[in-house]
Structure formats: structure tokens, C-alpha cells
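Just dropping this structure here.
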Amino acid sequence: MKIIIGLINGMLTSATPILLAALGGSVTYYAGIFNIAMEGMMLGGAFFAALGSYYFQSWVVGILFAILGALVMALIFILFAVVLKMDEFITGIGLNLLSLGLTTYLVRQIDMPVTEIVPIPRIHIPGLEQVPVVGEILSGHNLVVYLTLLAVIIIHYLVFKTRYGLRLRASGYNRTCLDTSGVSANRIRVSSLLICGVLCGLAGAFLSLGVVEGFTQGMSAGKGWISLAAVILVSGSPVGIAFISLIFGFTDGLGLFLQQDLPPQFTAMVPYIATLVALFVYSMRLKKKFNA
Amino acid sequence: MKRKILINLIGILLAFLIGAIVMLIQGKDPILAYASLFEYSLGKKFVYTLNKSVPLVLTGLSATVAFASGPVNLGQPGQLLIGALFAVIGGLYLKLPPFLMIPALLLLAMIGGALWSGIAALCKHFFRMSEFITTLMLNMIADFLTLWAISYPLFEKDANHPQTPPIATAAWMPEWGNLSSSVLVMVIAFGIIWWVMNRTTAGYEWRISGQNSLFSRLGGVNVSKNYVLVMLLTGALAGLAGGLVLMAGPHRFIKDMGANYAWDGIMIAMVANSGVFLTLIFGLFFAVLQTGATGMQLTALVPRELIQVLQAVIVLIVVAGRGYFETLFARREARRKMKGLAK
């Protein structure tokens, strides 16, 4: 029983950053942007979260800094891809590398001792905590985990139930049509990127103030790419993304669990192999649909 | 042509200007920094710049050939690592004289790289899995796989870090003074790639497929065969880069060996607009920057990691500038024609 609870908790922790970034990717996916900059935005968020938390000794400022940092990244994306009309793919790659370079450069200059970084607190839900099993699973998680759950609902509502969501999807479906109906598609695209920035910033904050304390070089470690795969696999649906992120998170937790029998390098591969398997299943399903 | 050079130069200058602003904010002297950068890499350490350019140009060529022909092969980092792993296995267990040993190991490195890109090619060919994500995932897997290989089966006894024992000296790339013969291999590889891309039917088919896949298919090009070929070739190029890094440099597989070259090839291909000749130029230019970073750190006390930032800024600004200026020129041209019509 303890093992199962441990696995589920590990799953939630690993799924959270992927899910948050993928939700951001989902919004830009509906807006019709080929956005591959989640990795860079997340990494930038992680660095600025640690920075804010260290300088102001407060995790609230840390989260604010993370969101601001990721928003700056999003603004750079907007400048190049929307304003200068540069290829979105090249912009994304360039931005990811800029983020990697910049955070590496800054972290070598600013010494942030791990002990002086204030992490985001865990939330213990009174009452529920005492309930066996259920309490252990539902209570005691990092604040961001609960925010993520909220974000899934909000993004789902935003995309499918609001006027903004309709315009968002129209922007991805037929940009010219949206423009001729009097709504600026570019404005929708810009706003979707900003939303993506906020969510990726939060994901970054969770990495450097939740999973571990402190920033290490390149700590996003491909999570942004996995979240991109998640978005593609479910064609952007926020609820689908939640499920697929949980599966990825589960394989990550499983990897840690397998560490007793396998060398750590192999267990670390598990999430990436799981992504490949998921892509394989997806393409098989597509093929069946195509042939039928 | 002149205009293209001008656009590239303006982009690079703008990027340097941004780098200078960053330095000024930190209270460093940008003119001294840039002067020492170029003095170091183009002056007394020019040979090292050439040596450094080998993996950059080769991974750049790999990405360039891929992007120009259609496949979005982003797997150079992983293919480089697997190539180096194959080379190190050959170097540890083969016993041959140098004139056979070096070609054999280079071949092994190319096979290793092609094998790794081949996995992605097969996934696409049989299951229609986008190579863009599979190559990225294979990068991460290669990272851990090589780390495991040098931590357990190939681990050097009593070493502090994960690393292999040194390869047989017969497999060390010969050096003239400080100039490594790997530069020669790079020049030959560049020549072959240039010839294939510009002077053969295969290269023509690849480029046409890259520009318009449907058109080339209607014209009778076997697109999916070419796809697999290009993936294997570009994987082999990246693998070759890995083998050469290992055989010219540390002569053993050490942890994080490929990390420095990881994405540089892709950046070079992007900034070179997938042109084979421009890839060579930008590969050399990035080598100048990376070698000069040490000089900049020594003389102007600007941390060498700034070059990483500078490279990304160069890519963004040069590519954006190219698009922007081209529209600007096209618009001016159109306006002139309009005036001519009005008369």
C-alpha cells in the first residue's frame, strides 16, 4: 500500500511541470502557433523563481519573478515570430537556446546557496489529512500541484466556453477569416503566448522551488519537449493533456521505483521512452483511422 | 549576393551590440572584450580555432543537409554521442596499425551516428512518427545510454568521474604542430557534401524534396527512399563529428563530452539558411567565438558563458533580419515599379 501511495505521489509531482507547460502549449496550439519554446520559458521561469525567492526571502516573490521571467521570454517570442514574422520553429529553437545560455551565464555569476532559498510550501488540508490512504494521496502536496488542477479547469473553460476561446480557436482554424470579421488574429496570438508564458513560468517555479530547491544548469531537462509531445498527442485538449501528463508522470515515478533493480541511467530514460511509445500508439491509431 | 552578405553582417553587428550592452550593464569594457576575443582566436590560438571548428562544421553540415532536404533531424547531439561511443569501443578493442585503425574508427563512428538517426528514420518510415520529436527524445536517451556505458561496462578502474580508459594510440588523430588532422577530414567531408548537394542527381532530388515534397513526388522522385537516405547520411555526419572529437581530443570518452557541441550544429544550420557553403563560414565563425571566449575571460574578465548567449542572439537576429530586410527590399522594388507604371 505504501508503495502505491508513493507511486501516486511521485506521479503527481512529476506530472505537474509537464502538465502546466503543456496547458500553455495547448492555448498556443489552438491559436495556431507552432510553439516549441515551452522548454526555454520553463527554464527561464525556474531561474527567476530561485532568484526572486533568494533575494526577497519569499516564495510569493519567487513565483512572481518566475512568471515575469517567462513573460519576458514570451515577449521575445512575440517580437520575432509575430512582429517580425520570423519562422516559428526557428524562433522557438533560438529562444530555447537563448534561455539556456542566459540562465547558465547568470547562475555562474550569482551565487544562490540552496539553504537560503525559500521553497513553495506544501498544503495540508485539515480534516482530509487524517483520512487514511485518501488523505495521504490528496493532502500534503505542493501548492503548485493544486494550482495546476485549477489551471486545467480554467483553461478548459477558457478555450471551450468563452468568447475569447472561440476567437482563439478561430485564430488557429482560419486566421484570415477571423481578421476579416473584425477581430485581430495577431492580438489573439499575442495573448495566447502570454498565457503560455504565465503557465510555463509557474512550471519553472515548481521545478526550482518545489521539486528541488535551487537552480541548476539546464534543469528543465527536456520536460518542455515532453509537454510538446503531450499537446500533439491529444491535439491540444486540456483534459486529454491532464491524462497524458499523468501517464508520463507515472512512468517517471516508476523509473525511480525501478532504481533498486536497474542502474539509474536506465530509469532516467523511462519518461523519454514513454514519450516515444505514446507517439507510436498515437500514429498507429491515426493509421487505423486513415485506412478505415 | 552582396546584399545577402550585408544582411548577415548587419545581423551579427546588432547581436554584438546587444552583447556589449549586457557587458556595460555589468561594468565590463566591451571593446576590450571583443578585441581580446578576436585577438585570441584569430591570433596566437588560430590553430585551436580550426581544431574547434571540426565538430561545429560537421554537425552544422548534418543539420543543413537535413533541413535543406526536408527531414527535421534535431538529433545531432545524440548521434554525436553514439558515434563517439562506437569509436571508443573500436579504439579499446581493435588492434590494427594506424593507417587502418583511424579509417576503421571513423567508419565505426559514422555507423554509430547513422544507426541512431536510423531509428528515427524507421519510426517515420513505418509508423509515421514525426522525426522532430523522436530525434529529440533519442537525444536524451543517448545521453543516459552513453553515461551508463562509461559508468559501468567501459568504466576506467579507479577513475573519479565516469570515463573510459584511453583508446589505443594507433587511433589518435595525428597532429602537425598543434593542428589536428581532423581538420583535413572535415575539409574532405565538406567537399563531398558540397559536391553531392550541388553536382549530383541525388542532391538535386533532396533539395527539391526539401522545397516542395509534393512537386518532387509528382516529378518521379522516390521521396521516402530519399528521406531514409538523408537521415542516415546526416546521422553519419554527426557521428563522424563525435568520433573526431574523441580521437583528436581527450582520446577517451569523458562525461559531458558532447554537451558543448550539442545544439551548435542546429544553430549554425539555421543561421546559414541551410546553405552548405554558409554552414562552413558560420561553423568557422562560431569556432572563432568559442575559442575567443577564453581570451575574453582572461583579459576582460567577461565570463565565457556570454558566448552562448551571443550565439543564440546572433541566430535570432540574423534570421529575423534576413526576412525583415528582404520584405523591405521587395517593398521598395514594388514601389519603384508602381512609379514606373504610373508614368
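Per DSSP H run of n ≥ 4, the term is -39500 (n - 2.57); total these for chain A, divide by its residue number, and report the mean residue ellipticity at 222 nm rounded to 500 deg cm²/dmol.
-24500 deg cm²/dmol
Return a whole-number percent for the relative contact order of the range A:43-121, with Cα pairs under 8 Å and 6 or more residues apart as the contact set.
After rounding, I find 38 percent.
Nearest 0.05, what FRET efficiency do B:Val187 and B:Ile21 give at R0 = 22 Å with Cβ-Cβ as r?
0.05
Could you work out which residue, out of A:Thr148, A:Thr162, A:Thr267, moves most in a Gaussian network model of chain A, that is, has the largest mean-square fluctuation with Cα springs under 10 Å?
A:Thr162
I'd like the distance separating the alpha-carbon centroids of the range B:284-343 and the range B:161-213, in whole Å.
The distance from the Cα centre of the range B:284-343 to that of the range B:161-213 comes to 27 Å.
Take chain B, connect every pair of alpha-carbon atoms lying under 10 Å apart with a spring to form a Gaussian network, then pick out the residue of B:Gly90, B:Gly239, B:Gly113 with the largest mean-square fluctuation.
Maximum among the listed residues: B:Gly90.
Please sort through the DSSP H helices of chain A and keep those with an alpha-carbon extent of at least 30 Å along the long axis and a Kyte-Doolittle average not below 0.0.
Helices passing the filter in chain A: A:2-30, A:88-109, A:185-206, A:264-291.
Still on this model: Scan chain B and note any complete DSSP helix (H) whose C-alpha atoms cover at least 20 Å along its axis and whose Kyte-Doolittle average is 0.5 or more.
Those that pass (Cα extent of 20 Å or more, hydropathy at least 0.5) are B:2-25, B:46-69, B:76-93, B:98-127, B:131-151, B:182-199, B:223-248, B:276-300, B:306-342.
Let me ask something else about it. Round to the nearest 0.05 the FRET efficiency obtained for B:Thr201 and A:Met284 when R0 = 35 Å and r is the Cβ-Cβ distance.
0.50
What is the ratio of the Cα radius of gyration of the range A:2-291 to 2.2 N^0.38 Å, with N the residue count, to two decimals?
Normalised by 2.2 N^0.38 Å, the Cα Rg of the range A:2-291 equals 1.01.
Need the full-extension length gain, A:Leu138 to A:Val72, defined as separation in residues times 0.36 nm minus the C-alpha distance. One decimal, nm.
So the extension gain works out to 20.3 nm.
Turning to a different aspect of this structure: Express in % the proportion of alpha carbon pairs of the protein assembly as shown at distances exceeding 32 Å.
Roughly 52 percent, once rounded to a whole number.
Can you give the relative contact order of chain A as a percent, counting alpha carbon pairs under 8 Å and 6+ residues apart?
Value for chain A: 36 percent.
Take chain A, connect every pair of alpha-carbon atoms lying under 10 Å apart with a spring to form a Gaussian network, then pick out the residue of A:Gly127, A:Gly222, A:Gly52 with the largest mean-square fluctuation.
A:Gly127
Using a Cα-Cα cut-off of under 16 Å, which aspartates and glutamates could be cross-linked to B:Lys2, ignoring same-chain neighbours fewer than 8 residues away?
B:Glu326
Could you tell me which GluC sites (Glu not before Pro) in the range A:39-121 are loop residues by DSSP with no more than 16 other beta carbons within 10 angstrom of their beta carbon?
Listed in order of number, the matching sites amount to none.
Calculate the translational D of the range B:57-263 in whole µm² s⁻¹ from Stokes-Einstein, where the hydrodynamic radius comes from the Kirkwood formula applied to all Cα pairs, the temperature is 10 °C and the viscosity 1.306 mPa s.
The diffusion coefficient I find is 92 µm²/s.
Select from the range B:126-200 those chymotrypsin sites (Phe, Trp or Tyr not before Pro) which occupy a DSSP coil region and have at most 16 other Cβ atoms within 10 Å, ordered by residue number.
Passing sites in the range B:126-200 are B:Phe155.
Need the C-alpha centroid separation for the range B:98-152 versus the range A:251-278, integer Å.
20 Å
So, one more: Enter the buried accessible area of the B/A pair, total of both sides, probe 1.4 Å, in Å² rounded to the nearest 100.
That pair of chains buries around 3700 Å² in total.
Calculated from DSSP H runs of 4 or more alone, at -39500 (n - 2.57) each and per residue, what is the 222 nm mean residue ellipticity of chain B, nearest 500?
-26000 deg cm²/dmol, from helical runs alone.
Something else about it: Return the FRET efficiency for the residue pair A:Ile273, B:Thr299: r is the Cβ-Cβ distance, R0 is 35 Å, and the value is rounded to the nearest 0.05.
With R0 = 35 Å, the Cβ-Cβ based efficiency is 0.15.
The values are calculated or read from the model by the stated rules, or taken from the named source; none is laboratory data. Please read all numbers here as calculations on a predicted model, not as lab measurements. When we count neighbours, we look across all protein chains shown, and the Cβ atoms used for this are built from the backbone with ideal geometry, even at glycine. Keep in mind that these areas ignore ligands, DNA and RNA; they rest on the heavy atoms of the full protein, side chains included. Shrake-Rupley method; radii C 1.70, N 1.55, O 1.52, S 1.80 Å.
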